[in-house]
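Visitor: Have a look at this one.
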Amino acid sequence: MAFSEHTTNPEIPAIDNYIGGEWKPPISGKRKPGCNPARSSEIVGHAPDSERADLDKAVASAEAARHAWRKLTGAQRGALLYKAADLLESRMDEIGLAMTREMGKTLGEAKGETARGAAILRYYAGEGMRPVGDVIPATDAEALMFTTRAPLGVVGVISPWNFPVAIPVWKIAPALVYGNTVVWKPAAETAVTASLIMACFDEAGLPAGVVNMVIGDGAVIGQGIAEHPGIHGVTFTGSNAVGKRVGQTALARGAKYQLEMGGKNPIIIAADADLELAVDATISGGLRSTGQKCTATSRVIVVRDVYETFRAKLLDKVQTLRVGDGLNAETWLGPCASRKQYETVLGYIRKGREEGAELLVGGKRPDDPSLADGYFVTPAVFDRVTSKMSIAREEIFGPVLALIEARDLNEAIELANDTEYGLSASLYTSNLGNALKFVQETDAGLVRVNAETAGVELQAPFGGMKGSSSHSREQGQAAIEFYTSVKTVFMKP
Ligand code: NAD
């Protein structure tokens, strides 16, 4: 059972870790409550507050399972992922509901993400049947030279709360299909969702120890994964501050690591853009999921000729967006995921004003008294933003758009690149020359023309440039690069 039998109220589950094929309460017996960000007094679950001893047990289980697991064929491992995909899909309503109650995104988005999780599992299930190497002409005519790939061993997965299904699944599925075993530390904020995913792996019949889940504080279990000598590779998605430390710790002990971190993603509106489409993309890319996507649009760089027209159209639409509980079918924009996020967003709204930007709309608590107990912020649009301001430089991770005026497309691209981040960037234009220039000159791992900045396709490589990433790529067939090591084989009769 994902939820401990010791729970006193089945409506408020007490969550267990999953170690060696069994649900285990944390050794300390301690758990921490998690609340619904739409109604902060509502407790949605009690997440394990695990210690290093729990992690040690999970690593030992993953180690014990890995030799038998790697000996299975890719097709055999893939067959289990297909089963997990079916189970995840069949529980879409339950998982979507848990996600909305834990981190606030709308139910439609939460179910959509769960369906995407199933699609990712199926994609990697199929990867179990794909070629993994090349035959290379040897200098010796009698020899056969080729490459093959070996799994890393035990992979540690550290994932954030903002995509609590898609991100862990796009890490765990390739790790498994290429023959690794896994120790996963989900964000404690989304512990119920995590335990439901784990239940799907359990019911799919993965051998004991192949996937383990330990929930606890980042500084204890996350840092523990980075440090653990029994973990051969660490894959992390989250903030830059934490990611850099995880990477340095893994590097210091010689473990392979992969970091996907924050963004400060620009959309450029060229003078020849279709402004209606550009407004919709700015709103969808910047404000869906309450702006809490790593690929969310944050800087809106508009060429002078169309600046005022675009701004007026944007404001008209932003003011119609309905803020509310994500469980309500009419809600377009849920709450910030936690008190911490809420306070961060309000802090940036204050800072934006102090530094001289003009808040045109939003950036405050909604008037509706039924939302008074939630972490709601109305979507904010700042005008007169310059690239020196904090709201143009630092990742806010909330429903805040910063309008920046550019003389022309050249200056717009310069402004877009004037950031330490390089995750995603978008341009709206009807001119092919503009599009090509943007694609060539923009420093971002995901470059989109006439499409919003958010939007990741599971079959394509995903990752950032500059400070957004460790320069590795996830998803699609790129995933094999992290989860395996190349072996070059030279064979002579
Ligand atoms: P976070 O860095 O606070 O936490 C991410 C994970 O790291 C969580 O599991 C957390 O418990 C763990 N952690 C916390 N402290 C740790 C420590 N000292 N050592 C090891 N692990 C630790 O990030 P978050 O607030 O959960 O997520 C939001 C961030 O994630 C944003 O910066 C966002 O841009 C980024 N993100 C990036 C991508 C991407 O693919 N590039 C995708 C989604 C989110």
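The values are calculated or read from the model by the stated rules, or taken from the named source; none is laboratory data. Owing to the predicted nature of the structure, the values given are computational and were not obtained by experimental measurement. Every residue, glycine among them, receives a Cβ derived from its backbone with ideal geometry; neighbour counts consider all protein chains shown. What goes into the accessible areas is simple: the full protein's heavy atoms, side chains included, and nothing from ligands, DNA or RNA. Shrake-Rupley method; radii C 1.70, N 1.55, O 1.52, S 1.80 Å.
Visitor: Ignoring ligands, DNA and RNA, what accessible area per residue does the range 150-259 give at 1.4 Å, in Å²?
Guide: For the range 150-259, the per-residue accessible area is 23 Å².
Visitor: Can you give me the Cα centroid spacing of the range 284-356 and the range 237-282 in angstrom?
Guide: After rounding, the separation between the Cα centres reads 18 Å.
Visitor: Probe 1.4 Å, all protein chains in place: accessible area of His46 in Å², nearest 10?
Guide: Here the accessible area works out near 60 Å².
Visitor: For Arg130 paired with Lys492, estimate the spin-label separation in nm (one decimal), with each label point 7 Å from Cα along the Cα-to-Cβ line.
Guide: So the label points at Arg130 and Lys492 sit 3.5 nm apart.
Visitor: Taking Cα pairs under 8 Å and at least six residues apart, what relative contact order does the chain come out at, in percent?
Guide: The normalised contact order for the chain reaches 17 percent.
Visitor: For the range 265-457, what is the charge dipole size about the Cα centre, in debye to the nearest 20, if Lys and Arg each add +1 at the Cβ and Asp and Glu each add -1 at the Cβ?
Guide: It works out to roughly 420 debye.
Visitor: Taking loop as defined by DSSP and a crowding limit of 10 other beta carbons within 10 Å, which GluC sites (Glu not before Pro) in the range 269-360 fit?
Guide: Qualifying residues, ordered by number: Glu330.
Visitor: Give me the percent of DSSP beta bridges within the chain that run antiparallel, rounded to the nearest 5.
Guide: Bridges in the chain that DSSP calls antiparallel: roughly 40 percent.
Visitor: Is the shape of the chain best called rounded, prolate or oblate, per the rule: a/c under 1.5 gives rounded, else a/b larger than b/c gives prolate, else oblate, with a ≥ b ≥ c the square roots of the Cα gyration tensor eigenvalues?
Guide: It comes out oblate by the Cα gyration axes.
Visitor: Let me ask something additional. Checking the cross-link filter: which aspartates and glutamates have an alpha carbon closer than 17 Å to that of Lys351, excluding same-chain neighbours under 8 positions apart?
Guide: Output for Lys351: Glu343, Asp383, Glu394, Glu395.
Visitor: Another question, if that's okay. So which trypsin sites (Lys or Arg not before Pro) in the range 382-438 are both in a DSSP loop and have at most 11 other Cβ atoms within 10 Å of their Cβ?
Guide: Answer by residue number: Lys388.
Visitor: Counting Lys and Arg as +1 and Asp and Glu as -1, what is the net charge of the other residues whose Cβ lies under 11 Å from the Cβ of Val192?
Guide: -2
Visitor: State the extension gain, in nm to one decimal, for the chain segment bounded by Leu144 and Asp280, taking 0.36 nm per residue of separation less the distance between their alpha-carbons.
Guide: Gain on stretching Leu144 to Asp280: 43.4 nm.
Visitor: Around Ile215, with a cut-off of 13 angstrom between Cβ atoms, what is the net charge of the other residues, counting Lys and Arg +1 and Asp and Glu -1?
Guide: In short, -2.
Visitor: Which entries of Lys105/Lys244; Lys264/Lys364; Lys256/Lys388 have Cα-Cα distances beyond 32 Å here?
Guide: Flagged as over cut-off: Lys256/Lys388.
Visitor: Can you return the aspartates and glutamates within cross-link range of Lys437? Criterion is Cα-Cα under 17 Å, with same-chain partners fewer than 8 residues away left out.
Guide: Cα-Cα hits under 17 Å: Asp272, Asp408, Glu411, Glu414, Asp418.
Visitor: While we're here: Please go through the residue pairs Lys71/Lys185; Lys313/Lys466; Lys293/Lys313; Lys83/Lys340; Lys57/Lys83; Lys32/Lys171 and name each one whose alpha carbons sit more than 28 Å apart in this structure.
Guide: Beyond 28 Å: Lys313/Lys466; Lys83/Lys340.
Visitor: Further question on the same structure: Please work out how much length the chain gains when fully extended from His67 to Lys317, using 0.36 nm per residue of separation minus the C-alpha to C-alpha distance, in nm with one decimal.
Guide: 84.4 nm
Visitor: Along the charge dipole of the range 265-457, pointing to its positive end and built from +1/-1 on Cβ of Lys, Arg, Asp and Glu, which listed residue (Ser430, Ala273, Leu321) has its Cα farthest out?
Guide: Ranked along the dipole, the leading option is Leu321.
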